[in-house]
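S.K.: Would you mind keeping the following structure in view while I ask a few things?
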């Protein structure tokens with residue numbers, strides 16, 4: 001290929017011409033040319049090239065006339081155009097909207113319907129410049145009015161393809177470099193077989209280029225989001241919390257029922273939790289199931305005479321309790337922890353994944369992480385919870401926090417903490433409250449328990465300066481290697 005570039009007397013060659021003359025594949029040509037360039041043996045010049053094409057709508061406008069011109073002609077001919085006029089019904093809704101909008105912006109249409117022209121309006125040149133550019137593009141021209149072209153491109157009447165043409169030539173060093181004769185390969189390194197055979201004595205050595213780029217390899221590093229989660233866990237451990245765990249495949253009982261969420265609650269529908277097919281559900285412990293069923297139906301707990309409350313007014317269905325789902329909240333981990341009967345005072349946290357049927361956007365994802373936590377001790381109040389939220393926010397560098405009352409089926413009172421994202425605004429990240437007696441008593445807990453589920457994914461967006469939650473789950477290998485910021 002270097003010989004070809006040296007012999008090109010008609011100037012630099014395009015990559016396609018190099019491929020044609022060498023009969024090599026395009027990928028081989030590009031790779032070899034780049035290697036020659038890295039060795040300072042070839043130079044490249046790039047020239048931007050664009051080509052203009054009419055879209056299907058643009059071809060129709062060129063043949064039948066622009067929508068605004070067609071509508072204007074009909075109004076001039078008929079005096080006015082109503083909703084049932086043929087000029088109106090022959091256009092699709094997009095064309096009608098575009099035509100009316102253009103004529104109104106140019107001040108040609110009177111107010112109201114049917115559509116009429118304002119007296120004294122100058123309409124002879126309406127669409128003339130656009131029609132000329134459409135004709136020029138259809139004829140293969142490229143020297144057109146740039147402002148009109150941009151407007152036609154926005155209206156999807158013209159498509160502009162932009163590309164860069166590369167032309168290659170041998171550098172001065174590439175022209176001076178001595179090349180081995182055809183069929184004789186140069187030696188880049190002395191090997192054992194070459195030394196043993198002595199064939200190295202009759203072959204040229206490849207020149208050593210001290211300026212050649214040396215590959216700079218960085219070791220991979222952890223995903224910044226996962227690394228941040230570890231840092232957040234260290235904050236919780238420093239505050240005296242112990243780690244809890246729970247399965248991703250849960251039952252409705254641990255995910256919802258034990259938390260005193262009614263079995264007909266909207267959040268338990270297919271629009272939120274993700275059901276799992278083909279897996280047998282796990283029945284909960286019989287004694288705990290009896291206590292949870294009692295509070296749901298408003299009956300006294302086994303061995304007691306008075307109910308804790310009126311319940312939810314519907315019969316408790318054991319079949320729903322056994323139904324398997326993907327965990328939608330890490331509060332299920334707290335429920336399993338409390339069911340083991342910890343001695344107060346106790347503090348527990350869990351940072352793990354949850355799954356919900358969400359529409360993907362900058363703040364929502366099908367899979368999200370939550371930092372669940374509980375504090376059980378005498379004298380706990382909602383003021384302690386607000387203080388904990390402020391402590392956690394400040395620990396990750398967030399100073400703006402506002403708290404307001406809220407509602408959750410399993411806590412009373414309940415609050416929500418919001419932090420402000422510089423682009424997305426205020427986001428809820430600190431929901432929590434005090435577990436209701438209907439949650440604690442069936443589990444055998446007789447002290448107040450603060451409960452919270454921090455939206456750590458959203459919190460990480462603010463702490464890491466991320467504008468889209470999907471960026472935290474991206475698999476950018478260049479970023480992991482440290483090649484990109």
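The values are calculated or read from the model by the stated rules, or taken from the named source; none is laboratory data. The shown structure was predicted, so the numbers you read here are calculated from the model rather than taken from an experiment. Using ideal geometry, Cβ is built from the backbone for each residue, glycine included, and neighbour counts are taken over all protein chains shown.
S.K.: With the structure loaded, tell me whether residue 404 is surrounded by fewer than 17 Cβ atoms within 10 Å (Cβ to Cβ) and in contact with a strand residue (DSSP E or B) (Cβ under 9 Å, 6 or more places away or on another chain) or whether it fails that test.
M.R.: yes
S.K.: Identify the single condition in (1) under 31 Å from the mean Cα position of the chain (by Cα); (2) part of a loop (DSSP other than H, G, I, E, B) that residue 371 does not satisfy, given that it satisfies every other one.
M.R.: (2)
S.K.: Inside segment 245-256, can you point out the residues that are at pLDDT below 90 and touching a helix residue (DSSP H, G or I) at 6+ places or on another chain (Cβ under 6 Å)?
M.R.: If the condition is that a residue be at pLDDT below 90 and touching a helix residue (DSSP H, G or I) at 6+ places or on another chain (Cβ under 6 Å), then 246, 250, 252, 255, 256 are the ones that fit.
S.K.: Scan segment 431-447 and report the pairs whose first residue is closer than 16 Å to residue 347 by Cβ and whose second residue is part of a helix (DSSP H, G or I) and modelled with pLDDT under 95, with Cβ atoms within less than 7 Å and a gap of 6+ or a chain change.
M.R.: Close Cβ pairs (under 7 Å, with a partner that is part of a helix (DSSP H, G or I) and modelled with pLDDT under 95) amount to 432/385; 434/382; 445/338.
S.K.: Restricting attention to segment 407-426, report how many residues are buried (at least 18 other Cβ atoms within 10 Å of the Cβ) and more than 25 Å from the chain's Cα centre (by Cα).
M.R.: 6
S.K.: Then there is this: Can you tell me which of 30, 57, 35, 69 is at pLDDT 80 or above and out of contact with any helix residue (DSSP H, G or I) (no Cβ under 9 Å at 6 or more places or on another chain)?
M.R.: The conditions single out 35.
S.K.: Taking residue 218 and the conditions (1) modelled with pLDDT under 90; (2) part of a helix (DSSP H, G or I); (3) closer than 30 Å to residue 465 by Cα, which numbered condition does it fall short on, given that it satisfies the others?
M.R.: Unmet condition: (2).
S.K.: Of the residues that make up segment 38-51, is at least one touching a helix residue (DSSP H, G or I) at 6+ places or on another chain (Cβ under 7 Å) and assigned to a helix (DSSP H, G or I)?
M.R.: No, that holds for no residue.
S.K.: Can you find a residue that is more than 28 Å from residue 276 (Cα to Cα), touching a helix residue (DSSP H, G or I) at 6+ places or on another chain (Cβ under 8 Å) and surrounded by fewer than 15 Cβ atoms within 10 Å (Cβ to Cβ) anywhere in segment 308-318?
M.R.: Within segment 308-318, one or more residues are more than 28 Å from residue 276 (Cα to Cα), touching a helix residue (DSSP H, G or I) at 6+ places or on another chain (Cβ under 8 Å) and surrounded by fewer than 15 Cβ atoms within 10 Å (Cβ to Cβ).
S.K.: Across segment 231-258, which residue is nearest to residue 436 (Cα to Cα) among those that are assigned to a helix (DSSP H, G or I) and out of contact with any strand residue (DSSP E or B) (no Cβ under 9 Å at 6 or more places or on another chain)?
M.R.: Initially, segment 231-258 is screened for residues assigned to a helix (DSSP H, G or I), giving 231-238, 252-255, 257-258.
Still in the list and also out of contact with any strand residue (DSSP E or B) (no Cβ under 9 Å at 6 or more places or on another chain): 231, 234-235, 238, 253-254, 258.
Details: 231: 31, 234: 29, 235: 27, 238: 28, 253: 17, 254: 16, 258: 11 Å.
Looking at the filtered set, the residue picked out is 258.
S.K.: Here is a follow-up. Only one residue in 328, 334 is touching a residue at least 60 places away in the same chain (Cβ under 8 Å), assigned to a helix (DSSP H, G or I) and surrounded by 15 or more Cβ atoms within 10 Å (Cβ to Cβ), so which one is that?
M.R.: 334
S.K.: Right, something else. I need a count of the residues in segment 427-462 that are within 18 Å of residue 417 (Cβ to Cβ) and not in a strand (DSSP E or B).
M.R.: Matching residues across segment 427-462 total 8.
S.K.: To continue, here is another question. Quick one: which residue in 140, 147, 174 is within 35 Å of the chain's Cα centre (by Cα) and modelled with pLDDT of 80 or more?
M.R.: The match here is 147.
S.K.: Looking only at segment 52-75, filter to residues that are under 21 Å from residue 160 (Cβ atoms) and in a loop (DSSP other than H, G, I, E, B); which one of those is farthest from the chain's Cα centre (by Cα)?
M.R.: This residue is 66.
S.K.: Can you find a residue that is touching a helix residue (DSSP H, G or I) at 6+ places or on another chain (Cβ under 8 Å), buried (at least 19 other Cβ atoms within 10 Å of the Cβ), assigned to a helix (DSSP H, G or I) and at pLDDT 85 or above anywhere in segment 265-286?
M.R.: no
S.K.: Further, regarding this structure: If you check every pair at least six apart or on different chains, which have Cβ atoms under 8 Å apart with a residue in segment 20-37 that is within 13 Å of residue 168 (Cβ to Cβ) first and a residue that is in a loop (DSSP other than H, G, I, E, B) second?
M.R.: That search, which allows pairs on different chains as well, returns 22/1; 29/1; 32/1; 32/24; 33/1; 36/1.
S.K.: Please enumerate the residues belonging to segment 18-37 that are crowded, with 17+ Cβ neighbours inside 10 Å and not in a helix (DSSP H, G or I).
M.R.: Those that are crowded, with 17+ Cβ neighbours inside 10 Å and not in a helix (DSSP H, G or I): none in segment 18-37.
S.K.: What about residue 79, is it loosely packed, with under 12 Cβ neighbours inside 10 Å, touching a residue at least 12 places away in the same chain (Cβ under 8 Å) and more than 39 Å from the chain's Cα centre (by Cα)?
M.R.: Criteria met by residue 79.
Residue-wise test of (1) free of Cβ contacts under 8 Å to residues at least 40 places away in the same chain; (2) surrounded by fewer than 10 Cβ atoms within 10 Å (Cβ to Cβ); (3) part of a loop (DSSP other than H, G, I, E, B).
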position	(1), (2), (3)
165	no, no, no
173	no, no, no
178	yes, yes, yes
189	yes, yes, yes
196	yes, yes, no
207	yes, no, yes
